[in-house]
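K.L.:
Below is the structure I would like to discuss, written out as structure tokens.
The values are calculated or read from the model by the stated rules, or taken from the named source; none is laboratory data. Model, not experiment: these values are computed from the prediction. All Cβ positions, even for glycine, are placed from backbone atoms using ideal geometry, and neighbour counts span all protein chains on display.
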Amino acid sequence: MRILIVEDEPPIADDIERCTRSLLGERVRSIDVVYTLEEASQRLRSRAIDLCLLDLNLSGADGYDLLKQVLAMPQQVIIVSAHAEKAITAFEYGVIDFIAKPFTRERLQKAFDRYLGKGPGSSHLKYLVYRCGSENRLQEIDQIVFFKAARVFVEAYLQDRRKILLEKHLNQLERILPEGFVRVHRSYIVNLSHVGHYLHCGESRYRLHLKDGTVLPISRYRYPALHHLLKE
Amino acid sequence: MMKFLILILSALPLLGSTPDYTTGKILNMSGKKILLMDQWQIRMGDQWEWAVNPGKDSSWKPVIFRQPPPDGDQTSAQGNFWLQTTITLQGKKDETYPLMLFFIELPSAFEIFWDGIPFARNGRVGKDRRGETPGKIRGFLLLPIHKTTSGAHRLSIRVSNFHIHKTNHEFEILCGYSSVLNDLTGQRKEENLLYMGLFLTAALFSLFLFLGGWRYFPALFFSVFTFFLFFNYFWFYLLRSNSLKVPLFYWLNPVFTSAGTISFLFCNVFLLWHLEIPRRKFILWILCISSSLRLISQFLFQWEFWHLDLFIALVMLGLIFQQFRKKKTGSATALLGYSFFLFDWLVDLLVPLLPVLAFLDAPFISLLAYSIFLVGLMGSVTLKMREQFRTLDSLRFRSQRLEAELLKKYIQPHFIMNTLQSIKSFLARDSAKAEKLIEALAGEFRLINRISGEIVIPLEEELHLCRFHLELMGYRRNARYQLSTEGDCSKFSIPPMVLHTLIENGLTHAFKPAENGIFRFHCARHEQRIVYRLENDGSNLAEMLKGSSEQIEEGMGMKYVRARLAEAYRESWRLHYGVDRGNWFVQIEIEEG
């Protein structure tokens, strides 16, 4: 794991770094510490990062801009901030976790678990941030019909038949999406509210028919879970 | 409102009972009319026999009431003269009431004859000033009951005038039944009392408003305006009490009619300032000149220059209308009031246009117009007052809100949580530092708690607070911050947390974490001006400025600083900031006075 810590108070940055190392141990490939947001966005552009621990003051307008900018990039984000009242907003924008200061070792452990897919996902996600030219735009997730893996990134297909590209991995996305979204295939996550019916096509092959007429494949080992969900 | 309307409507027939006038030389005794005797003959000199035997008609010159005579107004000349006219009584006489004459402003003394027989006098007619005793300015004269029979009668008046110099007053003599004449004058007196009450109430109310703490100068002008108007009507009241002696009247009349001019001047001055009419100082000059002209003409020539006032009133109406179009507070009600003021003035001209006015009684129209005029202006003042109170309220609210906002900034998570996190991270490694951090935090809190409610605090106390904050932030950001001062800080004061907020802003924007920094504070007095200047040598901000435009969006901190300065020094302060020789500076200048 390549980790970036963004924290403007050096003693706290030290603390986070020490805790992270002791909690993740061998898993840590590198930890970078930067003190300002400008440095952070430079570092994110110049080298690949898996997880960003970000201290963000979300009370100003710039705070949201920076949050959007970071979230549009491939890495996952955990916010470590004293502005606990902004946690819900952060979740709506798609962060994995929000740790309120002053934090404990246990709380940090929980956040890493969530990142590693061991903990429950958050159900607060409302928007996904994507890049369009130099601009970071928000997409409401309710309008997304399904996601499709497209090499390292993900394509989201919308109700109005548009398609947007998200710089995320499908596995990462699965961790932050709320309950109505189900992984039906190695390359597909679908919004259950848009599912019409599914068909058995023989030789243990299944196909999912969406309300708008799109047909998606269902992987064999994911079928039982999906069958159970749709029956409910 | 409804009650008011009902009251006015029920008063309508009461006010409408003014008797009818006729002019000419014939009075019908069976009716209730008043004869306005407007056709007279005059003869200069003084001969007793003129009462019985007036002599040839050609030696008498005609004088017609309210028409300027071709060769000067001889009724206001000094010396002795006689007036005569005939009056024809017709119809059946009402035996209940006697017939009476009512005279107005016939200086200075006279004796009056009915068919050559003297029946009344006013003062004592004399051959010179010493021999003359002036009479009253107005009064009733009872006609001899048994001689007022049907037919033509001759009325002669022997006049002497040595007490009054040039006057421009036309005399008036009315004839009618005593009941009707008494009613007429009595009613006028009641109207006068009503006006006096109206104006005095308005004057005192606005004066008390002003004295009671609402330092709104136009309210004072309004008070002066209505007070002079009261004074003016008080004079009419005195006149109508029929007890003023001729010389006193001529002494006091210009004084009291000047009250009318002065009240008009103050009415306009009030409106100029109240509605913030542009170029009001210039207009004030014109108003003063015109009022002086009026006053001088009144005192010196007894000449009323009212056309000038009418012109000014029309101009003022135009100016008020202009403000009304700009939607100035209170301009609508002021426009309404002023229009009615002019309406009352011009009502005689408007009758042909609005025939309905002829059905309404003139005094009633006047009263209504004056009431609307006053109510309009007072309403306008009230609206202004409401606006001012609202502004004051919002200012007070804003200041309170900022204070609350500021306290929240320190007591709320953000600041304290971050500090606690720092303390936590120090505890494991460097407990001595953690202890110092706790002490600095406690020190800062204690001071903030004590000073944040004040409007200004000693500068040294503020600097003390800044040092606590710098120490605390130094630990948190792993840097050393210093605050150096220049000048004698013990002599100055400053609103609380102003420097503290500026330093906090500086720490957030100007310095990178772990970068040491120096703040320099400089205070000095240049005559009436106090200058505070805070600089820092942070590396970040100068760079930021180079890249972006000169404009920096002001955050909550700067707004707080401005609000605090405005609260303490109203408008006599200035704040500017920028980059000077690579250093960021904020400068506050305060005008003392």
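K.L.:
Being among the polar types (S, T, N, Q) and touching a Gly at 6+ places or on another chain (Cβ under 8 Å) is the filter; apply it to the range B:79-95 and report the residue that is surrounded by the most Cβ atoms within 10 Å (Cβ to Cβ).
P.N.:
B:Asn80
K.L.:
List every residue pair whose Cβ atoms sit under 8 Å apart, with the two residues 6 or more apart in sequence or on different chains, where the first one lies in the range B:196-210 and is on the phi < 0 side of the Ramachandran plot and the second, anywhere, is not in a helix (DSSP H, G or I).
P.N.:
Qualifying pairs under 8 Å: B:Leu209/B:Tyr216; B:Phe210/B:Tyr216.
K.L.:
Residues that are loosely packed, with under 14 Cβ neighbours inside 10 Å, at least 1 per element: which strands (runs of 3 or more DSSP E) completely within the range A:168-232 meet that?
P.N.:
So the answer is A:195-200, A:206-210, A:215-218.
K.L.:
Can you spot a residue in the range B:478-489 that is in contact (Cβ under 8 Å) with a residue 40 or more places away in the chain and either within 14 Å of chain A (Cβ to nearest Cβ) or touching a Cys at 6+ places or on another chain (Cβ under 9 Å) (or both)?
P.N.:
Taking every residue of the range B:478-489 in turn, none turns out to be in contact (Cβ under 8 Å) with a residue 40 or more places away in the chain and either within 14 Å of chain A (Cβ to nearest Cβ) or touching a Cys at 6+ places or on another chain (Cβ under 9 Å) (or both).
Yes/no per residue for (1) assigned to a loop (DSSP other than H, G, I, E, B); (2) without any contact (Cβ under 8 Å) to a residue 24 or more places away in the chain:
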| site | (1), (2) |
| --- | --- |
| B:Phe445 | no, no |
| B:Ile455 | yes, no |
| B:His464 | no, yes |
| B:Leu507 | no, no |
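K.L.:
Of everything in the range B:424-457, what is crowded, with 21+ Cβ neighbours inside 10 Å and either within 9 Å of chain A (Cβ to nearest Cβ) or among the basic types (Lys, Arg) (or both)? Give them in sequence order.
P.N.:
Residues satisfying the conditions are B:Ser425, B:Phe426.
K.L.:
Further question on the same structure: Looking at the range B:147-155, is at least one residue touching a strand residue (DSSP E or B) at 6+ places or on another chain (Cβ under 6 Å), of a type in the set (Lys, Arg), buried (at least 20 other Cβ atoms within 10 Å of the Cβ) and within 28 Å of B:Pro54 (Cβ to Cβ)?
P.N.:
The answer is no, given that none of the residues of the range B:147-155 is touching a strand residue (DSSP E or B) at 6+ places or on another chain (Cβ under 6 Å), of a type in the set (Lys, Arg), buried (at least 20 other Cβ atoms within 10 Å of the Cβ) and within 28 Å of B:Pro54 (Cβ to Cβ).
K.L.:
Among the residues of the range B:320-368, count how many are hydrophobic (A, V, I, L, M, F, W, C) and under 29 Å from B:Arg279 (Cβ atoms).
P.N.:
Residues in the range B:320-368 being hydrophobic (A, V, I, L, M, F, W, C) and under 29 Å from B:Arg279 (Cβ atoms): 13 in total.
K.L.:
I've got another one for you. Could you tell me which numbered condition A:Gly25 fails, if it satisfies all but one of (1) farther than 18 Å from A:Ser81 by Cβ; (2) surrounded by 19 or more Cβ atoms within 10 Å (Cβ to Cβ)?
P.N.:
With respect to (1) farther than 18 Å from A:Ser81 by Cβ; (2) surrounded by 19 or more Cβ atoms within 10 Å (Cβ to Cβ), A:Gly25 is out only on (2).
K.L.:
Something else now. Mind listing whichever residues of the range B:468-509 are charged (D, E, K, R) and surrounded by 19 or more Cβ atoms within 10 Å (Cβ to Cβ)?
P.N.:
Selection gives B:Glu471, B:Arg476, B:Arg477.
K.L.:
Out of everything in the range B:480-501 that is in contact with a Gly (Cβ under 9 Å, 6 or more places away or on another chain) and modelled with pLDDT under 90, what residue ends up being farthest from B:Gln587 (Cα to Cα)?
P.N.:
Filtering first and then ranking leaves B:Pro496.
K.L.:
Which numbered condition trips up B:Thr329, out of (1) in contact with a helix residue (DSSP H, G or I) (Cβ under 7 Å, 6 or more places away or on another chain); (2) more than 19 Å from B:Ala219 (Cβ to Cβ); (3) not in a helix (DSSP H, G or I)?
P.N.:
Condition (2) is where B:Thr329 drops out.
K.L.:
Sticking with this structure for a sec: Can you report the number of residues in the range B:115-138 which are closer than 22 Å to B:Leu89 by Cβ and out of contact with any strand residue (DSSP E or B) (no Cβ under 6 Å at 6 or more places or on another chain)?
P.N.:
3
K.L.:
Suppose we filter B:Ala362, B:Ala334, B:Ala358 for residues that are under 20 Å from the mean Cα position of the chain (by Cα) and assigned by TED's automatic domain parsing to the domain that holds B:Phe228; which single one remains?
P.N.:
Among B:Ala362, B:Ala334, B:Ala358, only B:Ala334 is under 20 Å from the mean Cα position of the chain (by Cα) and assigned by TED's automatic domain parsing to the domain that holds B:Phe228.
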